[in-house]
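Participant: Can you keep this structure in mind? I'll have questions shortly.
Every number in this text was worked out from the coordinates using simple rules, so none of it is lab data. Quick caveat, the model's predicted, so the values are computed rather than measured. Quick reminder, even Gly has a Cβ in these numbers, built from the backbone with ideal geometry, and neighbours come from all protein chains shown.
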Amino acid sequence: MTKRPPLGPFRLAVPGLALALVSLGPAGPGLGAVPPVPERSWPQWRGPLGTGEAPQADPPVEWSEEKNVAWKVRVPGGGKSTPIVWGDAVYLTTAVPKGGGQEFVVLAYGRADGAVRWRRTVKELVPHEGTHEDGSFAAGSALTDGERIYAFFGSRGLYALDMDGRVLWEKDLGTMSTRRGFGEGSSPALHGDTLVVTWDHEGQDFVVALDKKTGRERWRQERDEPTTWATPLVVVHQGKPQVVTNGTTRIRSYDLASGSLVWQASGMTMNVIPSPVAADGVVYVTSGFRGSALLAIRLAEAKGDVTGTPAVAWTYDRDTPYVPSPLLYEDALYFLKSNSAVLTRLDARTGKASFTERLDGMTNVYASPVGAGGRVYVAGRDGVTAVLGAGPEPRVLARNRLADGFDASPAVVGGEIYLRGYEHLYRISRD
């Protein structure tokens, strides 16, 4: 949503906002002297704007195992987490089987060559419960503000590491009991000096804010939700940051400073996984298991219970995503139907559908779509990534197949795409 002025006093909260959003160029391989900035990095799992958009990127359209693969490295263990990119390094989380248990690991790779910079095991134990057959013990993505890496392994703890992999602090938030033992999967959110974690499971639920420098709790609010896997979103409205959380029982927004409830709305479907996205004073919340739900909520009018009020700009009740989060890009919402390769585009202002199109050559999709260079990228579980031209017509530009499958969402920086597969991490860039 970068082609027009905002409708109101609203902006997204971006990690590292204390850094000047001005740069001479991307801090890519060989450009380590140029300070990285959030908009030219991928500091969290849905990118610098929290919407799936890479606003400064122009990656390749076509690739294969023989074309535009700069490097491909095997990742130990398994994980569904998205890589994050800052400066000349790529960071990701993984869980490595060891002696009947798991090592919970944070890895750093060099962007130039894919070489391992460092590997840090933050915890080693036998997990108290398993995961869904398609899940993993490292589903939550790391995030960074350029000073620290924050890695969340749910019941195995939240960790702050310096950029060289040294653990600065850790926080034990308890033990989750997830619905049907499906496992854990949300990621933290970061704004300024505050980290936010949602803790929704089959026991006592809460949302908690922590000091990013020390891990000390700033506030904690109890909630009543079945297990959710959605990452919270921090937005700033009228100068005040608030934390928007998706949920089956209620969608809720909390004041970041105090934890007090700002507004709430009727909930989504069961098994909420997609994270909210927002721009131009509107928050979009989706889910799609055993039903379809999408609400567009105007922040300027959102106070108290907004269910059925004019604060809800519009709703949509079909073809919404189960696992993938939506992409908000160039005045439009893009999302998958459940976990299938059926892509819908809506006008973000009106909710009017432009198209619902099956992407040929693809089957199931868990990864969230991303937008860059006027294009939409959709990575599938069978190793195919479809590239479409952004716009009201479903123009497929390329179908790119690799010898791996992808559940983790792509990370896009400059002229590069980082794809974390079941076995490998790829850097896609022009030969």
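Participant: How high is the relative contact order of segment 339-405, given as a whole-number percent (alpha carbon pairs under 8 Å, six or more residues apart)?
Facilitator: Values: 132 pairs, mean separation 15.8, N = 67.
Relative contact order for segment 339-405 comes out at 24 percent.
Participant: Which one of 251, 115, 353 has its Cα pushed farthest toward the positive end of the charge dipole of the chain, where Lys and Arg give +1 and Asp and Glu give -1 at the Cβ?
Facilitator: Among 251, 115, 353, the one farthest towards the positive end of the dipole of the chain is 353.
Participant: OK, next. Determine ³J(HN,Hα), in whole Hz, for all residues of segment 102-116 in sequence, where each value follows from phi through the Karplus function 6.51 cos²θ - 1.76 cosθ + 1.60 and θ = phi - 60°; x replaces Gly and Pro.
Facilitator: For segment 102-116, the Karplus curve yields 9, 8, 9, 10, 10, 10, 10, 10, x, 5, 5, 9, x, 6, 5 Hz.
Participant: Which one, 287, 275, 64, has the greatest fluctuation when you compute a Gaussian network model over the chain with C-alpha springs under 10 angstrom?
Facilitator: Per the Cα network of the chain with a 10 Å cutoff, 64 tops the list.
Participant: How large is ³J(HN,Hα), in whole Hz, for each residue of segment 204-217 in order, when computed from phi with the Karplus curve 6.51 cos²θ - 1.76 cosθ + 1.60 and θ = phi - 60°, using x for Gly and Pro?
Facilitator: Once rounded to whole Hz, the list reads 5, 9, 7, 10, 9, 10, 10, 5, 5, 7, 10, x, 5, 6.
Participant: Which loop-located GluC sites (Glu not before Pro) does segment 37-142 contain, where loop means any DSSP state but H, G, I, E or B and the Cβ has at most 14 other Cβ atoms within 10 Å?
Facilitator: Here the GluC sites (Glu not before Pro) that fit, given the DSSP loop and packing criteria, are 62, 65, 66, 129, 133.
Participant: I would also like to ask the following. Taking the number of other C-beta atoms within 10 Å as the exposure measure, put 318, 420, 250 in order starting with the fewest.
Facilitator: Numbers: 318 13, 420 28, 250 18.
With the fewest neighbours first, 318, 420, 250 line up as 318, 250, 420.
Participant: When the Karplus curve 6.51 cos²θ - 1.76 cosθ + 1.60 is applied with θ = phi - 60°, which whole-Hz ³J(HN,Hα) does each residue of segment 151-157 get, with x for Gly and Pro?
Facilitator: Along segment 151-157, the couplings run 10, 10, 10, x, 4, 8, x Hz.
Participant: Right, something else. Taking springs between alpha-carbon atoms closer than 10 angstrom, which of 328, 125, 92 fluctuates most in the Gaussian network model of the chain?
Facilitator: Highest fluctuation among the options: 125.
Participant: At a temperature of 37 °C and a viscosity of 0.692 mPa s, determine how fast the chain diffuses translationally according to Stokes-Einstein, using the Kirkwood radius over alpha-carbon pairs as Rh; express D in µm²/s, rounded to the nearest whole number.
Facilitator: Working: Rh = 21.2 Å.
Translational D for this selection: 155 µm²/s.
Participant: Still on this structure, please answer the following. Within the chain, how many Lys pairs sit with Cα atoms under 26 Å apart, leaving out pairs fewer than 8 places apart on the same chain?
Facilitator: Qualifying lysine pairs in the chain: 22.
Participant: Could you tell me how far the Cα centroid of segment 386-402 sits from the Cα centroid of segment 46-110, in Å?
Facilitator: Answer, in whole Å: 22.
Participant: Could you tally the net charge around residue 163, taking each other residue with its Cβ under 15 Å from the Cβ of residue 163, Lys/Arg +1 and Asp/Glu -1?
Facilitator: Numbers: positive: 111, 117, 119, 120, 148, 166, 212, 213; negative: 88, 145, 147, 162, 164.
Net charge around residue 163: +3.
Participant: In segment 331-398, which chymotrypsin sites (Phe, Trp or Tyr not before Pro) fall in coil by DSSP and have 13 or fewer other Cβ atoms within 10 Å?
Facilitator: On the way: sites: 334, 335, 355, 366, 377; in loops: 366.
For chymotrypsin sites (Phe, Trp or Tyr not before Pro) across segment 331-398 that sit outside H, G, I, E and B with at most 13 neighbouring Cβ atoms in 10 Å, the list is empty.
Participant: Over the chain, with a Gaussian network built from C-alpha contacts below 10 Å, which listed residue (272, 126, 106) shows the highest mean-square fluctuation?
Facilitator: Answer for the Gaussian network model of the chain: 126.
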